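Student: Please read through the structure below; I'll follow up with questions.
The values are calculated or read from the model by the stated rules, or taken from the named source; none is laboratory data. Since we're looking at a predicted model, the values are computed, not measured. Note: ideal-geometry Cβ built from the backbone for every residue, glycine included; neighbour counts use all protein chains shown.
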Amino acid sequence: MLSVAFLLWSSLPCAVILKEEPNMETGKAKLTVLFDPPFWVGLFEREYGGRYEACRVVFGAEPRDIEVYACILDRYDRLAFSPALAFDP
């Protein structure tokens, strides 16, 4: 089972920390929302088991907090992350 904690300060940026239950591999994920002209984008990054993956999501107009939360809750499990890169934590 995966538990999710949201950290949000002011309106942006925000971070999402994913932590799996005991007896499972522990990982973490981060979402950075930034302006990449002409659009606002979200950069999802996740690390687990010595692997790193990233995914870019285009929001278009500057997203409100509720839109960022909705993206995380509704779309996270369907995001197309990059192939995993090995790293030494």
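Student: Pairs, please: C-beta under 9 Å, at least 6 apart or cross-chain, first residue under 12 Å from Phe87 (Cβ atoms) and part of a loop (DSSP other than H, G, I, E, B) and in the stretch 37-61, second at pLDDT below 95 and of a type in the set (Asp, Glu)?
Tutor: Within 9 Å, the pairs are Gly49/Glu25; Gly50/Asp88.
Student: Moving on to the next point. Please enumerate the residues belonging to the stretch 62-73 that are of a type outside the set (Ser, Thr, Tyr) and either within 12 Å of the chain's Cα centre (by Cα) or surrounded by 10 or more Cβ atoms within 10 Å (Cβ to Cβ) (or both). Talk me through it step by step, then tell me what you get.
Tutor: So the first thing to find is which residues in the stretch 62-73 are of a type outside the set (Ser, Thr, Tyr), and the list is 62-68, 70-73.
Selection gives Glu62, Pro63, Arg64, Asp65, Glu67, Val68, Ala70, Cys71, Ile72, Leu73.
Student: On to the next question. Does Glu53 count as crowded, with 16+ Cβ neighbours inside 10 Å and of a type outside the set (Phe, Trp, Tyr)?
Tutor: Yes: the conditions hold for Glu53.
Student: Please state which of the following conditions Lys30 fails to meet, knowing it meets all the rest: (1) touching a Lys or Arg at 6+ places or on another chain (Cβ under 7 Å); (2) crowded, with 17+ Cβ neighbours inside 10 Å.
Tutor: It fails just one condition, (1).
Student: Show the residue pairs meeting these rules: Cβ distance below 9 Å; 6+ apart or different chains; first residue within the stretch 72-89 and of a type in the set (A, V, I, L, M); second residue at pLDDT 90 or above and in a helix (DSSP H, G or I).
Tutor: Partner pairs satisfying both residue conditions: none exist.
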